[in-house]
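Visitor: Pasting in a structure now, in structure tokens, and then I'll have a few things to ask.
The values are calculated or read from the model by the stated rules, or taken from the named source; none is laboratory data. Computed from a predicted model, the values in this text were never measured in an experiment. When we count neighbours, we look across all protein chains shown, and the Cβ atoms used for this are built from the backbone with ideal geometry, even at glycine.
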Amino acid sequence: MSVPTIAAGTTTVGWIGTGVMGSSMVGHLIDAGFSATVYTRTKSKADPLVAKGAAWAESPKAVAEASDVVFSIVGFPSDVRDVMLGENGALAGSKSGNVLVDMTTSEPSLAIEIDAAAKQQGVHSIDAPVSGGDVGAKEARLSIMIGGDKDVVEALNPCWEAMGKTIVHQGPAGAGQHTKMVNQTLIASGMIGVCEALLYGHKAGLDLPTVLQSVATGAAGSWSLSNLGPRIMDNNFDPGFFVEHFIKDMGIALAEAKRMGLCLPGLALAHQLYLSVQANGHGRDGTHALQLALSEMAGVDWRNR
């Protein structure tokens, strides 16, 4: 298959999923000069993008029919399968030479399946999950982990550069998703440390913002501590990334680990703790809402401390 030339002003892009991160990401593509056609399940969520110049389509298939490159970032693997491979999915509306790019955190096996189905139609497929949350999406400094054919990945550079800061081709189809599982495993255990440390500091009677001044820039520092620690202290549990989606990601990673014969007890513990967060009504809060579950276990009323 020939590799398309992708450039602002000539390439038309489609976008499926305008949630917490997707709306900012496609917004950056529009700002970079790409014309865009968008679809999302709740049409009102796309209104700001339409006001910015994007066209609205009634289905993922219609998005693909109007586009050279179609991006998706949705919730769950079942959603990916529907918007990419379904009867009204993007592949059904694609023509030879088009490119499908799924940026959802999804199953590596599904990325490989989409790639195989796309190739049968002469269509390119890339898996490119991201890390950085709502802040990274808004500030166009996401880390983008990419699986797929190298020449197609390189052709997409004008798009990657509009959305992200760290852009790395990890290998063939599915490699981007496997890399994201590494990322989510790191975050899962790390978030336990962030929440327990803040809980300890509170119980010891320390001023938590002052504590953060000492520990955030040393060996204990992390993105989660610096960016989500202040939100935890302010009782701001609005989502940069939903708990329910994080549970999905950990489930994928644990299933892949089982398939590979790996024992990952830290990840398994984090998964169980997050199930508790969801069971207590915080599935649509941010991942840092783990603080609420851990505080309850410790008998601390975090919100009214």
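Visitor: Of everything in the stretch 188-198, what is surrounded by fewer than 20 Cβ atoms within 10 Å (Cβ to Cβ) and modelled with pLDDT of 95 or more? Give them in sequence order.
Guide: Scanning the stretch 188-198 gives Gly190, Ile192, Gly193, Glu196, Ala197.
Visitor: What are the residues in the stretch 159-186 that are buried (at least 17 other Cβ atoms within 10 Å of the Cβ) and either of a type in the set (Ser, Thr, Tyr) or out of contact with any strand residue (DSSP E or B) (no Cβ under 8 Å at 6 or more places or on another chain) (or both), if any? Write out each step before concluding.
Guide: Here is the first cut: in the stretch 159-186, the ones buried (at least 17 other Cβ atoms within 10 Å of the Cβ) are 159-160, 162-164, 167, 169-170, 173-181, 183-185.
Correct list: Ala162, Thr179, Met181, Gln184, Thr185.
Visitor: Of (1) assigned to a loop (DSSP other than H, G, I, E, B); (2) crowded, with 24+ Cβ neighbours inside 10 Å, Ile114 satisfies all except one. Which?
Guide: In the conditions (1) assigned to a loop (DSSP other than H, G, I, E, B); (2) crowded, with 24+ Cβ neighbours inside 10 Å, Ile114 misses (1) alone.
Visitor: Please specify each residue of the stretch 59-86 satisfying the condition of being in a loop (DSSP other than H, G, I, E, B) and either of a type in the set (S, T, N, Q) or free of Cβ contacts under 8 Å to residues at least 60 places away in the same chain (or both).
Guide: Those that are in a loop (DSSP other than H, G, I, E, B) and either of a type in the set (S, T, N, Q) or free of Cβ contacts under 8 Å to residues at least 60 places away in the same chain (or both): Ser59, Ala66, Ser67, Ile73, Val74, Gly86.
Visitor: A follow-up question, please. Of all residues in the stretch 1-58, count the ones that are of a type in the set (Val, Ile, Thr), over 22 Å from Arg284 (Cβ atoms), in contact (Cβ under 8 Å) with a residue 40 or more places away in the chain and surrounded by fewer than 22 Cβ atoms within 10 Å (Cβ to Cβ).
Guide: The number of residues fulfilling the criteria is 5.
Visitor: Just one of Phe246, Phe242, Phe237 is at pLDDT below 95 and hydrophobic (A, V, I, L, M, F, W, C); which is it? Walk me through it before giving the result.
Guide: Working: Phe246 fails: at pLDDT below 95; Phe237 fails: at pLDDT below 95.
That would be Phe242, the only listed residue that is at pLDDT below 95 and hydrophobic (A, V, I, L, M, F, W, C).
Visitor: I would also like to ask the following. For the stretch 197-297, give me every one of the helices (runs of 4 or more DSSP H) that falls completely inside it and has 2 or more residues that are out of contact with any strand residue (DSSP E or B) (no Cβ under 9 Å at 6 or more places or on another chain) and of a type in the set (D, E, K, R).
Guide: 243-260
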